[in-house]
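This report concerns only the one structure given below.
Every read-out reported here was derived from the displayed coordinates using simple, explicitly stated rules and does not represent laboratory data. On a predicted model such as this, the values are computed, not experimentally measured, just so you know. Cβ placement follows ideal geometry from the backbone for every residue including glycine, while neighbour counts extend to all protein chains displayed.
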Amino acid sequence: MNEKTKIALVTGAHKGIGREIARQLAEAGVPVIMGARDAQLGQTAANALAEAGLAVEAMQIDLHRQETIDAAAQAMSAKYGRLDILINNAGIVDAEDGPPTKATAAAVKRLMETNFIGTLCVTQAMLPLLLQSKAGRIVNLSTTLASLSVNGDPTSPYYDARLIGYNASKAALNMLTVQLAAELKDTSIVVNSVAPGYVRTDLKGGNGFMTAAEGARLPVQYALLGDDAVSGRFVEPQGVVAW
């Protein structure tokens, strides 16, 4: 590793969009640490990309286990001394989620603890390493469903997608983007929320009209923003999304 070589961490990188983000970053010449809750699944995914000649490595990061997050940060500090790109991709949906009158409180709690609190924990642990970068980039994988404006617009095609737990957890993630971008405005770190689009993944039960590779393009683009990067934005493939 030299000072010009970037290093990236992608959470939830063993499958779906996360794996494709890792692939595309590695193809762009960025060594990637592929975080996964299950160490074996993460290693299997990393081995497959490494066999294709890509610079990747697996690392266990379970958003529900702070010790795995801390251990990953310590290992990266010892090996690389910094982190240039953090892509907070790991997240879940829940079968017991739904409209406010039907979703179970347990499901909403699970969603908030993973999609928001778990991501906050990873971000906090990695910030000291990102501050060592000359151009740190944080990309939070959000969704258009996180927009309060969209949720309140009867003309929106997403208006009837009422998942109080999932939507609220990603709206909270957007709040992290807004506040972190403001707090870090005098640093080299840029923070943005990216909604990749309606992607066919296990998370969505195979539904969607984009492939994982297509869904990875916008997050990768924002991970590789140059010196003129704008911080604190919420974007989807069609453009800027109203908060």
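Here r is the Cβ-Cβ distance between residue 113 and residue 27 and R0 is 25 Å; the resulting FRET efficiency, rounded to 0.05, is 0.15. Only lysine pairs 8 or more places apart, or on different chains, with alpha-carbon atoms under 26 angstrom apart are counted in the chain, and they number 19. For the pair residue 52 and residue 242 in one chain, pulling the backbone fully straight at 0.36 nm per residue adds 64.5 nm over the alpha carbon distance. Computed extension gain for residue 5 through residue 158, at 0.36 nm per residue and net of the alpha carbon distance, reaches 51.1 nm. Between residue 44 and residue 187, the modelled label-to-label distance comes to 3.6 nm, taking each label 7 Å out from Cα in the direction of the beta carbon.
Working from Cα pairs under 8 Å separated by at least six residues, relative contact order for the chain is 19 percent. With contributions of -39500 (n - 2.57) from each DSSP H run of at least four residues, the per-residue ellipticity at 222 nm computed over the chain stands at -12000 deg cm²/dmol. Here the chain is treated with +1 on each Lys and Arg Cβ and -1 on each Asp and Glu Cβ, and its dipole about the Cα centre works out to around 20 debye. Taking amide H as placed 1.01 Å from N in the peptide plane, residue 12 has its amide H under 5 Å from the amide H of 35, 36, 37, 90, each at least 5 places away in sequence or on another chain. Nearest 0.05, what FRET efficiency do residue 134 and residue 101 give at R0 = 41 Å with Cβ-Cβ as r? The pair residue 134/residue 101 has a calculated efficiency of 0.25.
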